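Undergrad: Please find one structure pasted underneath; my questions will follow.
The values are calculated or read from the model by the stated rules, or taken from the named source; none is laboratory data. Only a predicted model underlies this, so the values are computations on that prediction, with no experimental measurement involved. Using ideal geometry, Cβ is built from the backbone for each residue, glycine included, and neighbour counts are taken over all protein chains shown.
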Amino acid sequence: MMAQRAISQRNIDRRQHKRIALLHSASLREGERTVDCVIRDISASGARIIIERRLAQQRALVLDIDGVGGLNGRLVWQRADEAGIRFLDEPNTVRSYIAAAWGKGTEPG
């Protein structure tokens, strides 16, 4: 029990930036291909998305948020219909996109 709690605490501490839970439609551009997705949660360093198609691991992609613009990233994991993206843009740039998309006060720390 103590070991499990210590592992859980380490996983929590590993997060660099606060995540914001939401459900928001977006698209993912991978080369010439564009695929619809839903942003499940987002932070200044990455996002968890819902996507129906398998993507190439570690391939460069752009998460395009309607009316805001695109964030450069790489796929770091994919399971079933979810995937994790690590952003390549600077955290301050990502925070400004998040604020533009969902309003002031939503920027993750």
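Undergrad: Somewhere in the range 96-103, is a residue in a strand (DSSP E or B) and of a type outside the set (Val, Ile, Thr)?
TA: no
Undergrad: Looking at the range 58-78, which of the residues that are at pLDDT 85 or above and β-branched (Val, Ile, Thr) is surrounded by the most Cβ atoms within 10 Å (Cβ to Cβ)?
TA: By that ranking, first place goes to ILE65.
Undergrad: In this structure, does LEU23 turn out to be surrounded by fewer than 17 Cβ atoms within 10 Å (Cβ to Cβ), within 21 Å of GLY103 (Cβ to Cβ) and hydrophobic (A, V, I, L, M, F, W, C)?
TA: When the stated conditions are applied, LEU23 passes them.
Undergrad: To continue, here is another question. If VAL94 passes every condition in (1) in contact (Cβ under 8 Å) with a residue 24 or more places away in the chain; (2) out of contact with any Phe, Trp or Tyr (no Cβ under 8 Å at 6 or more places or on another chain); (3) closer than 14 Å to ALA26 by Cβ but one, which one does it miss?
TA: Failing condition for VAL94: (2).
Undergrad: Only residues that are in a helix (DSSP H, G or I) and either at pLDDT below 90 or surrounded by 15 or more Cβ atoms within 10 Å (Cβ to Cβ) (or both): list them for the range 79-92, please.
TA: Result: PRO91, single match.
Undergrad: Scan the range 56-66 and tell me whether some residue there is of a type in the set (A, V, I, L, M) and within 18 Å of ARG19 (Cα to Cα).
TA: Yes.
Undergrad: Considering each residue of the range 52-78, count those that are outside any loop (DSSP other than H, G, I, E, B) and not β-branched (Val, Ile, Thr), and give that number.
TA: Number satisfying all stated conditions: 13.
Undergrad: Scan (1) in a loop (DSSP other than H, G, I, E, B); (2) surrounded by fewer than 16 Cβ atoms within 10 Å (Cβ to Cβ); (3) within 11 Å of the chain's Cα centre (by Cα) for the single condition ALA44 breaks and write down its number.
TA: Exception for ALA44: condition (2).
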